[in-house]
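The values are calculated or read from the model by the stated rules, or taken from the named source; none is laboratory data. All values reported here derive from a predicted model rather than from experimental measurement. Cβ coordinates were reconstructed from backbone atoms using ideal geometry, including for glycine residues, and neighbour counts include every protein chain displayed. With ligands, DNA and RNA removed, areas are computed over all heavy atoms of the protein, side chains included. Shrake-Rupley method; radii C 1.70, N 1.55, O 1.52, S 1.80 Å.
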Amino acid sequence: MSFGRSEHRIFGKVYGTSFHAKHWRSFYCLGVFYLPLSVALHSFIAVSLATNFLSNSVPAIIIYSSIYIPCYCLAMASLYMTTVTDPGAVPLGARPLASCDEKKAQHAEVEMVETTSEAVEDKSLMAQHLDQDNQMSSSREEEDNSELRAKPTVDIPRCEKCDGNYKPPRAHHDKFTGRCIVKLDHYCPFVCNAIGALNHKYFFLFILYTFIVCIAAGILLILRFIRCGYRFGVATQDNWLGLDYDPIPGCKDPSSLVVIATFTLTAWFTLVSTVSLLGQFPVITTGNALVARKKIRQGKAEEKEIGRVRTDFNEMFGGTSNHFALHWLLPMPPLFPEGAKEKILGYKYESYYGEIPGDSHNTLMNISNAECA
């Protein structure tokens, strides 16, 4: 358990947040502690409700089986996906998208010239065109060379904490995982992972379904309190809270630690999930994570630099439009339109690129047409 990049070999597989780890896991100490705690508390409430608050109540059984249990399972599935999914860490050797776009534009220009040349049937006219093109190209080369000498070289942004690796415009360094995360929102110890472009959907669903199960649990508690006639009375040595109830079958002593713990945990989860849920709506509507919104508000960056790159779909949930769809509610990977994922991440990476964080500016920009195809 360490602070920053780490990796551990478990049953022959490498887990961690390092550049070489094949399976993403964060081993930050607080996250390793709070993640099992979060699962344990969720499970405690589920078991406590089933054993102490459902007997002899048909409405309670219906709510528990049709609402609480399905949402509890979806919450746990979303929690698992949030924990094990790479949040959008920039791989070692990632390269800028701009360089690939420039290469494609140059390649398209060459193809256009070749097509135009083939369409010219008269050889004498083609020769004249070529002479004119040569004169124009030579003059353009002189102008371009003069401009290059006049303009300073623009350096590619790099992250010193990531060994000089390329840092996309919307990436921010996360000290807990030791990696640059695209659209970093924050590090959440309760899911033991950073929240970024590729797992933000799971995190939102975890909060959403936690909120729903808390509401369902609150309804079950209210139904039980009404049915059992729980009321405040006179505090005694045996009943130090002063709670009394009618001796109806299935009613538990309201002063028991199980009932008090269930009520307290439900109230706490409801408060935390409500605040967290409200904090996630700006990400859905604006496409900007917490760190990006903070930098824009402080004047450290502009909206056009780190804001959303596509407006025809929701960057958190994926899909083909900004309108709600059923897949938004399922803990499954977000599906983006063709070519949109690279735009969102802000870099291009293939395994054959190799690890080149220490290479020069010219090496990073010199990408072949095959790599950009």
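Annotations
- Judged by the mean number of other Cβ atoms found within 10 Å, the most tightly packed of the peptides 57-63, 297-303 leads the ranking 57-63, 297-303.
- Between the stretch 325-350 and the stretch 22-75, the Cα center-to-center distance that results, in Å: 29 Å
- When each of the peptides 65-78, 184-197, 210-223, 323-336 is scored by how many other beta carbons lie within 10 Å of its residues on average, the order from highest to lowest is 184-197, 210-223, 65-78, 323-336.
- Entries in Lys22/Lys294; Lys167/Lys304; Lys22/Lys201; Lys304/Lys348 that, when Cα-Cα distance is taken, lie over 25 Å: Lys22/Lys294
- Cα extents for the stretch 1-48 along the principal axes, largest to smallest and rounded to whole angstrom: 43, 22, 12.
- Note on the stretch 268-343: along the principal axes its Cα atoms extend 40, 34, 18 Å, ordered by decreasing extent.
- Put simply, when 35-43, 164-172, 201-209 are sorted by average Cβ atoms within 10 angstrom per residue, most first, you get 201-209, 164-172, 35-43.
- Each residue, Lys161 and Ser256, gets one label point 7 Å from its Cα in the Cβ direction; the gap between the two is 4.9 nm.
- Spacing of the modelled spin labels on Tyr34 and Lys343, each 7 Å from Cα toward Cβ, amounts to 3.5 nm.
- By accessible area with a 1.4 Å probe, ligands and nucleic acids excluded, highest first: order of Phe11, Phe176: Phe11, Phe176
- Here the stretch 1-102 yields Rg over Rh of 1.20, to two decimals, using C-alpha coordinates and the Kirkwood radius.
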